[in-house]
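Right, one structure below, let's go through it.
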Amino acid sequence: VKPLAEKMGLIYRGAEHLSMPQNYLMFFTVKEKPENDVKFNEAIAKVASLAEKIRNDLDFDMTKVGLMHKLSIKPVIWIFDVLCIKPKKFYATDECIGCGICAKVCPLGNIKMVDGKPKWEKDCCHCSACINRCPKKAIEYGKKTQGKNRYVAPKFKPTSNE
């Protein structure tokens with residue numbers, strides 16, 4: 001990342017780890033809302049401290065990434081992208097009310113409403129916004145998401161210093 005920043009005429013200030021609540025329910029269990037809200041608020045506090053570093057032209061604490069992580073992450077991401085990132089398992093249950101929120105929140109515009117029901121097209125990034133934002137919990141991904149909690153972070157309203 002540093003060489004790319006320098007190539008673009010930017011000053012690389014480092015990288016820090018930011019832990020957010022887990023909401024990728026296709027492979028993980030989503031914790032209950034109160035526990036996730038605590039984690040979200042901790043993340044907001046960390047973002048505020050990072051913003052302060054940026055305002056004061058300070059370097060970030062470098063998050064250490066081990067050699068094994070560097071060697072393993074690219075093949076894992078490639079396998080995940082090729083084998084797992086597919087929209088074909090998404091579907092809406094009979095609980096779907098046809099509100100279209102799933103289509104509105106899809107960052108890739110991959111969901112089209114057809115006869116009042118969502119239809120997933122080919123460009124899916126598995127962000128899970130459609131599943132987590134559905135007000136009726138009517139969107140599923142195969143059997144992997146059935147009965148699992150959904151989580152959407154609370155709205156964040158930054159103060160004038162953030």
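Just a few scattered comments:
- Options 54, 44; residue that is out of contact with any Leu (no Cβ under 9 Å at 6 or more places or on another chain), surrounded by 12 or more Cβ atoms within 10 Å (Cβ to Cβ) and at pLDDT 85 or above: 44
- Total residues in segment 36-54, condition in contact (Cβ under 8 Å) with a residue 24 or more places away in the chain and either under 22 Å from residue 22 (Cβ atoms) or hydrophobic (A, V, I, L, M, F, W, C) (or both): 11
- Any chance residue 87 is exposed (fewer than 13 other Cβ atoms within 10 Å of the Cβ) and within 19 Å of the chain's Cα centre (by Cα): no
- For segment 97-132, the candidate set comprises residues that are touching a Lys or Arg at 6+ places or on another chain (Cβ under 8 Å) and basic (Lys, Arg); within that set, the residue that is least open to solvent (accessible area, probe 1.4 Å) is 112.
- Close Cβ contacts (under 8 Å, 6 or more residues apart or on different chains) running from residues in segment 6-17 that are loosely packed, with under 13 Cβ neighbours inside 10 Å to residues that are assigned to a loop (DSSP other than H, G, I, E, B) and not basic (Lys, Arg) comprise 6/12; 17/63.
The values are calculated or read from the model by the stated rules, or taken from the named source; none is laboratory data. Keep in mind that this is a model prediction, so the values were computed, not measured. Reconstructed Cβ throughout: ideal geometry from the backbone, glycine too, with neighbour counts over all protein chains shown. With ligands, DNA and RNA removed, areas are computed over all heavy atoms of the protein, side chains included. Shrake-Rupley method; radii C 1.70, N 1.55, O 1.52, S 1.80 Å.
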